[in-house]
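See below for the structure under consideration.
What follows draws every value from the coordinates through simple rules; no lab data is involved. This one's a predicted model, so the numbers in the text were calculated from it and none came from an experiment. Every residue, glycine among them, receives a Cβ derived from its backbone with ideal geometry; neighbour counts consider all protein chains shown.
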Amino acid sequence: MKLFAHHVLLPTGWTQNQIITIENGAIEAITSGSIEQADTSKQIVIPGMVNCHSHAFQRAFAGFSEQGSEGNDSFWTWRKIMYQFLSKLTNDDAQLIAQQLYIEMLKRGYTRVAEFHYLHHAENGQPYRELSTMAKAIFDAAKNSGIGLTLLPVLYRYAGFGEQQPNDGQRRFINSIEQFNQLIDECFSLSEQYENTNVGIAPHSLRATNKSDIEQAVAHVRSKDANAPIHIHIAEQQQEVNDCLAHYGERPVEWLYNNIDVDKHWCLIHATHITEKERKTMADSGAVAGICPTTEANLGDGIFPTTEYFGEQGVLAIGSDSHISVDPVEELRWLEYAQRLDKQQRALLADNATPSVGQYLWQQSAQGGAQSTSTNTGEIAVGKQADLLVLDDNTLACYANSPAHWLDSLIFATNDNCVQDVMVNGQWVIENGKHPLEVDTKQRFSKLLASLSA
Ligand code: ZN
């Protein structure tokens, strides 16, 4: 297919009148040309966004935990309600929720998702005969929606530091190391059957695993794929940092780097509470910081030091995590606004080469997201996978409307969805803002939601 773009955002910046040649899901060539030489033409084309952190089932829980209890609500009370909610979910429910979510993601411009998947067992906590039964539901949801999937089965063993016994709310998450490695083997086999998918692992957190668990799980997944992505929740809450200090005598990021070989295929989710030294260690290691601005705000986590981290050439990706919001635009807006509120300054997340905050954030996050999933995505360039978005130029025409300002207008100035068409792996999955399964999926999802909350 030859796609003519009047304007396309390449790694080097906005470029006019380009023909993008796409074969077998990949970009084969990008050349100057005219509209007559192409099969189809679009006005404004940008790279698709990677969502580095998702717990799909939590989409069904969005909005259920926003009622005050006299200042006593916290991450931990939210988690209790979430556990009660997920105890009822069947395998089919999980697939439907993920399918609804992934269609919503595509419509807003996410072309790939890293699913931090920890709901493994049946409702009563018993493992399925096939350990990957719940994982298969996620693969099916990704296939039906058309989104690219990086599946990260979660290793979850303990309720807290010091190998505390899991509680009842956690029984669907728990695996021995042997079971977990078996699950990984099954997921690699499944991935071969589903296009545009890959597999990594996610040791849940330092509190839910120990050093030996992490080492064994990493060694196993790396024996199957040397570049397999490894994600971990690291320092989301101050209490987690305090518990880690009490148990190990070190802060979470500090302990991780002192004990585990962290490389560029690692993604540290919610490195919210870090010292300057920890921040520099992260940036130097080349690992990705996985930041989820709307969820971190919603749960009252804290603010990641994004300005300083970018100043140190740290790599960052964004995720929608609890799905209280499913929109990369809102994540990036909050990423910048949290810094402005904190520092009482403006236009902080940019550099001299890319002074547009919107463009800088979009490109950095898409490339960081690609790295966090070990996939050949995140940029429109020769040899990359054809994951791209067409923006609605009619809506953007109502705001600062030139290439230098388009992504600023998109991220800061409008609440309209400007994503018009979405291509994943060379296939159009959203056209004129519509997904072919959206009506049916939404109807079934709303019915399920009503029954779950009855
Ligand atoms: Zn998470």
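Summary of values
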item: Given charges at beta-carbon only (K, R positive; D, E negative), |dipole| of the stretch 29-157 in Debye; result: 220 debye
item: For the chain, Kirkwood radius (reciprocal of mean inverse C-alpha pair distance, Å); result: 22.3 Å
item: Antiparallel DSSP beta bridges within the chain, as percent of all bridges there, nearest 5; result: 45 percent
item: Dipole-positive endmost among Ile174, Gly249, Ile19 within the chain (Cβ charges, Cα centre); result: Ile174
item: Three-way shape label, the stretch 78-143, alpha-carbon gyration tensor, a/c 1.5; result: oblate
item: Distance in nm between pseudo-label sites at Ser189 and Gln16 (7 Å out along the Cβ direction from Cα); result: 5.6 nm
item: Additional length obtainable on full extension of the chain from Asp342 to Asn258, 0.36 nm per residue less Cα span; result: 27.2 nm
item: Student exercise, the chain dipole from Lys, Arg, Asp, Glu Cβ charges, in Debye to nearest 20; result: 360 debye
item: Options Leu96, Ile214, Leu268, ranked by Cα towards positive dipole end of the stretch 49-373, top entry (Cβ charges); result: Leu96
item: Estimated distance in nm for a label pair at Ser446 and Ala353, the labels positioned 7 Å out from Cα along Cα-to-Cβ; result: 4.7 nm
item: Distance in nm between pseudo-label sites at Tyr128 and Thr90 (7 Å out along the Cβ direction from Cα); result: 1.3 nm
item: Evaluated at q = 0.12, 0.13, 0.20 Å⁻¹: base-10 log I(q)/I(0), Debye formula over Cα of the stretch 214-332; result: -0.44, -0.52, -1.16
item: Taking the chain and dividing mean pair separation by its residue count, relative contact order in percent (alpha carbons under 8 Å, at least six apart); result: 20 percent
item: Binned Cα-Cα distances of the stretch 29-77, short to long, each 10 Å bin given as a whole percent; result: 14, 26, 16, 15, 14, 12, 2
item: Debye log10 I(q)/I(0) for the stretch 1-152, one point scatterer per Cα, at q = 0.12, 0.16 Å⁻¹; result: -0.68, -0.91
item: Dipole moment magnitude, nearest 20 debye, the stretch 189-278 about Cα centre, only Lys, Arg, Asp, Glu C-beta charged; result: 80 debye
item: Using a Förster distance of 51 Å, the FRET efficiency for Ser402-Phe75 (Cβ separation, nearest 0.05); result: 0.75
item: Calculated SAXS-style log₁₀ I(q)/I(0) at q = 0.10, 0.15, 0.16, 0.20 Å⁻¹ - the stretch 139-291, Debye, Cα scatterers; result: -0.36, -0.81, -0.91, -1.30
